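Contents: one structure, followed by commentary.
Bear in mind that the values in this text are calculations on the coordinates, not laboratory data. Quantities reported herein were computed from a predicted structural model and do not represent experimental measurements. Positions of Cβ are backbone-derived with ideal geometry, glycine not excepted, and every protein chain shown enters the neighbour counts.
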Amino acid sequence: MTNSPPVLQIEDLRVVFSERGIGKRPDVVAVDGVSLCIEAGEIVGLVGESGSGKTTLALATALLGKITEGRISLEGEEIIGVSRSRMRRLRSRIQVVFQDPHGSLDPRQTVRKGLSELRSLHMDRTAWITDAELLAKVGMTEDLLDHLPHELSGGQAQRVSIARALFLRPSLLVADEPTSALDVSVQAQILNLLLQLRESENISVLLISHDLSVVRNLCDRVYVMKDGRVVEEGETEELLGSPNHPYTRQLIAAIPGKDWDRSSLESSNGRREGSDSP
Amino acid sequence: MILGNHRTADVSEDETRTIRRSGNRSLWLMGLPLLLLGLLVVAAPLLPLADPGLQDLRGRLIPPIFLEGGTWEHPLGTDQLGRDLLARVIYGGRLTFVIAIAAVLVGSVFGTLLGMIAGYRRGWIDTIISRVVDAQLALPFILLAIAIIVSRGRSLVVLVAVLAIISWAQYARVIRAETLSLRERPFILGLRAAGASPIRIILRHIFPNIGGTVLVLATLEVGTMILAESALSFLGLGVVPPDISWGGMLAGGREFIQDAWWVVTFPGIAITFVVMSINLLGDALRARYDPRKRTYL
């Protein structure tokens with residue numbers, strides 16, 4: 001899209017979980033040599049079944065998880081081996097949205113207190129917007145500011161999580177199954193919100209999902225993971241239209257009640273036209 | 001857009017509220033006797049009680065009022081030095097409570113802090129703290145208490161320190177486990193992503209979310225501490241006369257149990273009553289704050 005360095009570049013990432021001591025279980029290689037690149041303003045999908053290493057990769061991508069081996073650079077800056085405090089600064093350029101909407105908010109903190117805590121952590125980067133304007137961006141009103149998380153619905157809590165993630169104006173948003181715990185109608189709203197935010201804030205998104213229809217509607221490119229490896233990657237429509245790897249074909253065939261021939265792909269081709277109607 | 005995989009996150013709030021409400025009622029029920037006793041003990045100097053230290057060698061071992069020979073002057077009778085038992089039980093409660101509560105405060109602060117650090121930081125810090133906790137829990141507490149008190153001397157400060165040392169490992173172990181599960185929760189990850197420091201996360205986010213557990217533990221621990229203090233005083237390792245504690249009264253009256261059972265019985269009843277009330281209160285609190293019943297909602 002641009003000539004600037006990719007927002008995030010991961011090369012040969014390996015994540016190995018091992019136990020120490022007597023009677024230890026064998027090492028688990030959760031991510032095995034994955035390379036991944038996300039350009040500015042791009043929405044990249046990451047699909048694969050449960051246990052394929054998606055979430056481990058997502059956490060590593062957000063610089064929150066374990067990294068056994070590999071190189072990660074954020075906007076051209078190498079991040080392995082930097083000091084702890086520098087890491088904290090760098091890390092906040094990537095924000096995360098998780099699957100469990102209520103688990104993503106401190107149960108004892110009102111929405112307002114949570115936002116003011118973020119303000120106190122990043123005075124310079126949060127001055128761009130007021131609390132009310134921020135909530136308006138995710139389609140919420142400011143009367144929810146004094147609510148505790150358990151007083152919010154799942155969709156509302158997820159919007160607050162997204163608002164919190166946007167607050168620091170990250171270069172990259174890692175969304176780990178952001179809609180799979182939500183009602184169908186709310187899912188569509190949240191996904192449309194992500195699309196709108198990409199347009200208005202030029203944010204890059206790494207969208208982790210096991211739902212291919214979500215990925216097809218949103219993502220520019222897709223990575224398919226199996227057993228800790230990327231088995232196939234490419235432009236969304238190309239990859240889902242003519243998958244090369246047998247595992248990708250299997251994933252596509254596993255979608256219930258969906259006819260994945262070329263005509264149905266073309267009829268719903270335009271994610272931009274389709275995105276405005278919930 | 002057709003989207004698959006729908007699962008609602010709605011949890012039955014009514015159910016939670018019912019648990020909460022019935023929990024509140026039993027909390028009051030369980031807390032009331034303790035509250036009354038606490039008031040009685042605190043207000044002791046204002047009550048028309050005899051001087052608990054006043055000896056009357058001619059009025060030794062007077063039986064309580066409901067036995068032959070009892071007088072209204074000494075409703076619960078007198079001890080081997082002719083001191084009024086009712087006054088001594090009430091005044092003894094003051095020191096017993098002060099020691100138990102001070103020990104719980106010191107033990108819970110250290111235990112909780114170390115537990116949170118171990119659980120949150122993992123790694124070598126966790127290994128060290130966990131091994132010390134294991135070692136601590138393996139030591140027989142009386143032996144440890146004897147060793148410390150013999151080498152440091154008997155005083156209130158030493159007694160409180162000994163009791164705190166006995167109890168901190170309990171908190172550390174439980175709180176470490178709670179912290180371990182809490183630190184993997186998305187909101188903690190989100191705060192780390194936002195660049196919050198470990199100290200901020202531990203104090204502002206982990207602690208408020210385990211506060212209920214600490215409260216339950218601390219309440220139950222007050223009972224344990226009263227028992228431990230009584231045991232130490234009974235062995236002559238606790239409070240030094242003329243200070244009065246229930247355990248000390250048990251020790252003093254032990255020799256006369258054949259002729260004057262009331263000297264040890266009343267402090268014994270006081271200990272049993274208080275420890276039982278505290279345990280019931282702790283159970284009621286646990287019903288409210290049980291991690292398994294708690295929904296983060």
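Taking Cα centroids, how far is segment B:130-178 from segment B:34-51 in Å?
Computed from Cα coordinates, the inter-centre distance equals 31 Å.
For segment A:99-245, what is the per residue volume of the convex hull drawn over the alpha-carbon atoms, in cubic angstrom?
Expressed per residue, the convex hull around the Cα atoms of segment A:99-245 is 121 Å³.
Using alpha carbon centroids, what distance separates segment B:110-127 and segment A:1-48, in Å?
29
Please report how far the C-alpha centroid of segment A:140-192 lies from that of segment B:244-286, rounded to the nearest whole angstrom.
56
If you look at just the Cα atoms of the protein assembly as shown, how large are its Rg and its Dmax in Å?
For the protein assembly as shown, the Cα-based Rg and Dmax read 31.9, 110 Å.
Can you tell which of A:A175, A:A136, A:A165 shows the greatest fluctuation in a Gaussian network model of chain A with Cα springs below 10 Å?
A:A136
Using the Cα centre of chain A as the reference point, and only Cβ charges (+1 on K/R, -1 on D/E), how large is the resulting charge dipole? Debye, rounded to the nearest 20.
1020
Evaluate the relative contact order of chain A (contact order divided by residue number), counting alpha-carbon pairs under 8 angstrom at least 6 apart; express in whole percent.
About 24 percent, as a whole number.
Just want to confirm a number: the relative contact order over chain B, from Cα pairs under 8 angstrom separated by 6+ residues, in percent. Let's see the in-between values first.
Numbers: 386 pairs, mean separation 68.6, N = 297.
Averaging sequence separation for qualifying contacts and normalising by length gives 23 percent for chain B.
Which angle between 0 and 90 degrees, to the nearest 10, do you get for helix B:156-183 versus the longest principal axis of chain B when only C-alpha atoms count?
With rounding to tens, the tilt is 20 degrees.
Which of B:L67, A:L168 has the fewest other C-beta atoms within 10 Å, and how do the rest follow up to the most?
Details: B:L67 10, A:L168 20.
Starting with the residue having the fewest Cβ neighbours, the order is B:L67, A:L168.
Mind sorting A:M87, B:M225 by how few other Cβ atoms lie within 10 Å of their own Cβ, fewest first?
Starting with the residue having the fewest Cβ neighbours, the order is A:M87, B:M225.
Connecting C-alpha atoms closer than 10 Å in a GNM of chain A, tell me which of A:V31, A:V111, A:V16 has the biggest fluctuation.
Comparing A:V31, A:V111, A:V16 in a Gaussian network model of chain A, the most mobile one is A:V16.
Just to confirm a number: summing +1 for Lys and Arg and -1 for Asp and Glu over residues other than B:S245 whose beta-carbon lies under 15 angstrom from that of B:S245, what do you get?
+2
Given 0.36 nm per residue, what is the gain on full extension from A:S85 to A:E133 after removing their alpha carbon distance, in nm? Before the final figure, lay out the partial values.
Details: separation 48, 0.36 × 48 = 17.28 nm, distance 3.03 nm.
Length gained, A:S85 through A:E133: 14.3 nm.
For chain B, take the longest principal axis of its alpha carbons; what is the angle in degrees between that and the long axis of helix B:141-152, to the nearest 10 within 0 to 90?
70
Report the rotationally averaged projected area of segment B:94-297 based on its alpha-carbon convex hull, in square nanometres.
13.0
Quote the Stokes-Einstein diffusion coefficient, in whole µm² s⁻¹, for chain A, based on the Kirkwood radius over alpha carbon pairs, a temperature of 25 °C and a viscosity of 0.890 mPa s.
Answer, rounded: 125 µm²/s.
With viscosity set to 1.567 mPa s at 4 °C, what whole-number translational diffusion coefficient in µm²/s follows for segment B:176-297 from Stokes-Einstein and a Kirkwood radius over Cα pairs?
74
How much net charge surrounds A:V96 when only other residues with a Cβ under 11 Å from its Cβ are counted (Lys, Arg +1; Asp, Glu -1)?
Around A:V96, the surrounding residues sum to +2.
Would you calculate, for chain B, the mean residue ellipticity at 222 nm contributed by helices, counting each DSSP H stretch of 4 or more residues as -39,500 (n - 2.57) and dividing by all residues, to the nearest 500? Spell out each step's value before the answer.
Details: 9 runs with 195 residues, N = 297.
Counting only the DSSP helices, I get -23000 deg cm²/dmol.
In degrees from 0 to 90, rounded to the nearest 10, what is the angle of the helix B:13-42 Cα long axis to the longest principal axis of chain B?
With rounding to tens, the tilt is 30 degrees.
Determine the sum of side-chain charges near A:Q189: Lys and Arg each +1, Asp and Glu each -1, restricted to other residues whose C-beta is under 11 angstrom from that of A:Q189. Before the final figure, lay out each step's value.
Numbers: positive: A:R159; negative: A:D183.
Neighbour charge sum, excluding A:Q189 itself: 0.
By count of other Cβ within 10 Å, fewest leading, how are B:W72, B:W246 ordered?
Ordered from fewest to most neighbouring Cβ atoms within 10 Å, B:W72, B:W246 come out as B:W72, B:W246.
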